[in-house]
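**Student:** Sharing a structure here in structure tokens format.
The values are calculated or read from the model by the stated rules, or taken from the named source; none is laboratory data. Since the model is a prediction, treat every value here as computed from it, not as a measurement. Glycine gets a Cβ as well: all are built from the backbone with ideal geometry, and neighbour counts include every protein chain shown. For the accessible areas, the whole protein counts, side chains as well, though only heavy atoms, and no ligand, DNA or RNA atoms are used. Shrake-Rupley method; radii C 1.70, N 1.55, O 1.52, S 1.80 Å.
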Amino acid sequence: MTTPEAEPEQGGAPRPEERLEQAVRAAEQALIEYEIALETFRVEVENFSRLHEQRLGPVYARLEELEAQILEARAARTGDAEDRRRADEARARLMPIPGVEELLNGWMDGDGLFPEATAMLTGQEVRPPQRVRPGEEARRLYRELARKAHPDLAQEEAERIRREEFITRVNAAYARGDEAELRELAEEWAAGPVPERRPSRGEELYARLEWLDRRKELLTLLAKELEESAIGAMLRLAPDDPDRLLDEIAEQLATQVREREAELAGVLAQD
């Protein structure tokens, strides 16, 4: 009769390489899941930043213009050299520069605000802003593709390159929230070659674990940068309803615009 103590001898204890390979596989999957979460957050931050600029950029521009007008009116009234210097600096910050169309995402050019930006400032209807985040189906497709085709699962350089090129296309489609393209990419991957995982020696597995650890440290730094960025911090305040956060900021900015307009009127009335 076999005792519990004898079972490891009959069944055979896992070889050290097998145990190490299990650890490598677990670390790989953990790293992939971490990268998926990081890429998801990066896309959210990028899209929220774009939406933030689209909706609030013209209001910020209006505040800066009012500030310049207030300083100019004050300088004209006092004739003080320091007041004139402040006014000139404020106006210089608003002067057009080459390539301003690209820098301000098409909101203004050398002649001033575009009609759509003016419409937003005056409360008129404009086209709906871009979605803040890809849809749930796009998120699901992205996760599945990232888990299947992630470069960190490659054991050979040629296979890693193939996966990196494919994942680059997946990331681009996900950033656009293009569900149709993600489905096409899923079909393409399913029809492609399935790489075989070759047995790894203990030394190679240890090196693999060290590489995974370094990769995790790098991703941790990238995640920290995103979280500590101005847009990342704002997004974390309302991760489930970023539109509401933008509405609240817009209301605060509108109040500031009214205050600056009243202040400008007061300075002009002193003349």
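**Student:** From the list GLU196, GLU181, pick out the single residue that is modelled with pLDDT of 85 or more and not small (Gly, Ala, Ser).
**Tutor:** One residue alone meets the criteria, GLU181.
**Student:** Out of all the residues in the range 25-43, which are buried (at least 17 other Cβ atoms within 10 Å of the Cβ) and without any contact (Cβ under 8 Å) to a residue 40 or more places away in the chain?
**Tutor:** Answer for the range 25-43, where residues must be buried (at least 17 other Cβ atoms within 10 Å of the Cβ) and without any contact (Cβ under 8 Å) to a residue 40 or more places away in the chain: there is none.
Residue-wise test of (1) among the β-branched types (Val, Ile, Thr); (2) modelled with pLDDT under 85; (3) open to solvent by 30 Å² or more (accessible area, probe 1.4 Å); (4) not in a loop (DSSP other than H, G, I, E, B).
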position	(1), (2), (3), (4)
VAL45	yes, no, no, yes
ARG62	no, no, yes, yes
ALA73	no, no, no, yes
ARG77	no, no, yes, yes
ARG86	no, no, yes, yes
GLU89	no, no, yes, yes
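**Student:** Looking at the range 129-150, can you tell me whether even one residue there is modelled with pLDDT under 65, open to solvent by less than 30 Å² (accessible area, probe 1.4 Å), touching a helix residue (DSSP H, G or I) at 6+ places or on another chain (Cβ under 8 Å) and among the small types (Gly, Ala, Ser)? Break it down stepwise before answering.
**Tutor:** Step one: filter the range 129-150 for residues modelled with pLDDT under 65, giving 129-132.
In the following step, the residues that additionally are open to solvent by less than 30 Å² (accessible area, probe 1.4 Å) were identified as 132.
Filter once more, keeping what is touching a helix residue (DSSP H, G or I) at 6+ places or on another chain (Cβ under 8 Å): 132.
Narrowing further to those that are among the small types (Gly, Ala, Ser): none.
Within the range 129-150, none of the residues are modelled with pLDDT under 65, open to solvent by less than 30 Å² (accessible area, probe 1.4 Å), touching a helix residue (DSSP H, G or I) at 6+ places or on another chain (Cβ under 8 Å) and among the small types (Gly, Ala, Ser).
**Student:** Which residues, counting only those in the range 173-185, are open to solvent by less than 40 Å² (accessible area, probe 1.4 Å) and without any contact (Cβ under 8 Å) to a residue 12 or more places away in the chain? Working first, answer last.
**Tutor:** Residues of the range 173-185 open to solvent by less than 40 Å² (accessible area, probe 1.4 Å): 173-175, 177, 182, 185.
Residues satisfying the conditions do not exist here.
**Student:** Okay, next question. Just checking, which of GLU53, GLU67 is part of a helix (DSSP H, G or I), open to solvent by 60 Å² or more (accessible area, probe 1.4 Å) and not basic (Lys, Arg)? Talk me through it step by step, then tell me what you get.
**Tutor:** Details: GLU53 fails: open to solvent by 60 Å² or more (accessible area, probe 1.4 Å).
The unique qualifying residue is GLU67.
**Student:** Criterion first (buried (at least 16 other Cβ atoms within 10 Å of the Cβ), of a type outside the set (Gly, Ala, Ser), at pLDDT 80 or above and under 24 Å from the mean Cα position of the chain (by Cα)) does LEU218 satisfy it? Outline the logic, then answer.
**Tutor:** Working: buried (at least 16 other Cβ atoms within 10 Å of the Cβ): no; of a type outside the set (Gly, Ala, Ser): yes; at pLDDT 80 or above: yes; under 24 Å from the mean Cα position of the chain (by Cα): yes.
No; evaluated as a whole, the condition is false for this residue.
**Student:** Same structure, new question: Only one of these conditions is not met by VAL267: (1) open to solvent by 50 Å² or more (accessible area, probe 1.4 Å); (2) among the hydrophobic types (A, V, I, L, M, F, W, C); (3) in contact (Cβ under 8 Å) with a residue 24 or more places away in the chain. Which number is it?
**Tutor:** Condition (1) is where VAL267 drops out.
**Student:** In the range 217-270, what count of residues is obtained for those that are in contact with a Phe, Trp or Tyr (Cβ under 9 Å, 6 or more places away or on another chain), small (Gly, Ala, Ser) and farther than 19 Å from GLU53 by Cβ?
**Tutor:** Adding up the residues that qualify gives 1.
**Student:** For the range 187-195, check the following and say yes or no: at least one residue is surrounded by 13 or more Cβ atoms within 10 Å (Cβ to Cβ), within 27 Å of ALA30 (Cα to Cα) and either among the β-branched types (Val, Ile, Thr) or under 31 Å from the mean Cα position of the chain (by Cα) (or both).
**Tutor:** Here is the first cut: in the range 187-195, the residues surrounded by 13 or more Cβ atoms within 10 Å (Cβ to Cβ) are 188-189, 195.
With the extra rule that they be within 27 Å of ALA30 (Cα to Cα), the set shrinks to 188-189, 195.
Going one step further and asking which of them are either among the β-branched types (Val, Ile, Thr) or under 31 Å from the mean Cα position of the chain (by Cα) (or both), we end up with 188-189.
Yes, the range 187-195 contains at least one residue that is surrounded by 13 or more Cβ atoms within 10 Å (Cβ to Cβ), within 27 Å of ALA30 (Cα to Cα) and either among the β-branched types (Val, Ile, Thr) or under 31 Å from the mean Cα position of the chain (by Cα) (or both).
**Student:** Here is a further query. Run THR168 past the list (1) at pLDDT 90 or above; (2) more than 21 Å from LEU31 (Cβ to Cβ) and report the number of the one that doesn't hold.
**Tutor:** Going through the list (1) at pLDDT 90 or above; (2) more than 21 Å from LEU31 (Cβ to Cβ), THR168 breaks only (2).
**Student:** Condition first: open to solvent by 70 Å² or more (accessible area, probe 1.4 Å) and acidic (Asp, Glu). Now tell me which residues in the range 151-172 satisfy that.
**Tutor:** Correct list: GLU156, GLU157, GLU164, GLU165.
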